[in-house]
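Worksheet: one structure, shown below.
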Amino acid sequence: MAAKPPPPRPVPRLYLATPELDDPSQLAASLPDLLADADVAAVLVRLRETDQRTMISRVKALAPAVQGTGAALLLDGRVELVARAGADGAHLTGLAAFEEALPSLKPDRIAGVGGLATRHDSMAAGEAGADYVLFGESDAHGQRPSVEAIAERLQWWEELFEPPCVGFAISRDEAFEFAAAGADFILVGDLIWADPRGAKAALIDVGQAIKEAHAATSGKTRIVQE
C-alpha cells in the first residue's frame, strides 16, 4: 500500500432546482442574470400539475434562459414531456421509476436518479446507466438522513464509482460538507429562493462555500493499491 496524491478533482458545480412553477415569466426574466454569476451546471424544473400543453409551454418559456447560459435543463419527473418541451433530460425518484424511464431518455438525454434508499439501489442505478445519482433529499414522509450519513454516502460513491454524485443541500453548511465529502454537484432549491438576501446573493454564497470546501480538501491523499 502506498499513499499517492489523487488526481486533481474539479470544483463541484451547482445544480439549481426551481420552485414549483405556475407562471414562469418572472423566473425566466431573472434566470440569465442569476446564472451568469454562479457556476450552475443544470437547472431542475419543477412543474405544478396541470394539462400537458400548459406544462410544455412553461418549460419552453424557461428554456432559453437556462440553455442559453450553457446549463442543462432537466424536468423533475415528467419524462413524457422531455422531448416535446425541448428539455435536456429528467430526474427520476426511485430505482423503478428510473428504469422505466430509461428507454425514452437514452441515449440522447440525461437520466438522473434520487430516492435511492440503499447502496444496492444506488449501484443498480449506476450499472443501468444513470448520468448521476442524488443523495440527501427528503423521502415521501419528509424525512431525510443525517448530514453525516449523506456525506458518508457521497464519499463512498465518489471513491468507488464513475458516474457523478450529487448532494442535496438545505443550508450553506451542508453545501460545504457535501462538497468536501466528494460530491460532483450540489443541488440547492428552497435554500436559494427563500433567502431574504435574494436568490443571487444566496447562490453566490453557496458557490463560495463549495470553493472553500474544495480548497480545504484538494490536498488530501488517498491510499491506493500498488
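Look at V79 and say whether it is crowded, with 21+ Cβ neighbours inside 10 Å and without any contact (Cβ under 8 Å) to a residue 40 or more places away in the chain. Walk me through it before giving the result.
Details: crowded, with 21+ Cβ neighbours inside 10 Å: yes; without any contact (Cβ under 8 Å) to a residue 40 or more places away in the chain: yes.
Yes; evaluated as a whole, the condition is true for this residue.
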Which one of Q26, Q67 is farther than 21 Å from G167 by Cα, out of contact with any helix residue (DSSP H, G or I) (no Cβ under 9 Å at 6 or more places or on another chain) and free of Cβ contacts under 8 Å to residues at least 12 places away in the same chain? Q26
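Quick check on my filter: what residues within segment 39-64 are within 17 Å of V166 (Cα to Cα) and in contact with a helix residue (DSSP H, G or I) (Cβ under 9 Å, 6 or more places away or on another chain)? Working first, answer last.
Quick first cut of segment 39-64, residues within 17 Å of V166 (Cα to Cα) only: 39-45.
Matches in segment 39-64: D39, V40, A42, V43, V45.
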Of the residues that make up segment 183-199, is at least one basic (K, R) and touching a residue at least 12 places away in the same chain (Cβ under 8 Å)? no
Looking only at segment 23-51, and only at residues there that are farther than 24 Å from G114 by Cα and charged (D, E, K, R), the one that is surrounded by the fewest Cβ atoms within 10 Å (Cβ to Cβ): D51
Between a residue in segment 43-63 that is more than 20 Å from I192 (Cα to Cα) and in contact (Cβ under 8 Å) with a residue 24 or more places away in the chain and any residue that is open to solvent by 40 Å² or more (accessible area, probe 1.4 Å) and among the hydrophobic types (A, V, I, L, M, F, W, C), which pairs come within a Cβ distance under 7 Å, given they are 6 or more apart or on different chains? none
Would you be able to tell me the number of residues in segment 93-108 that are polar (S, T, N, Q) and not in a strand (DSSP E or B)? 1
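The values are calculated or read from the model by the stated rules, or taken from the named source; none is laboratory data. Model, not experiment: these values are computed from the prediction. Every residue, glycine as well, gets a Cβ built from its backbone with ideal geometry; the counts of neighbours run over all protein chains shown. Accessible surface is based on the protein model in full, side chains and every heavy atom, while ligands, DNA and RNA are left aside. Shrake-Rupley method; radii C 1.70, N 1.55, O 1.52, S 1.80 Å.
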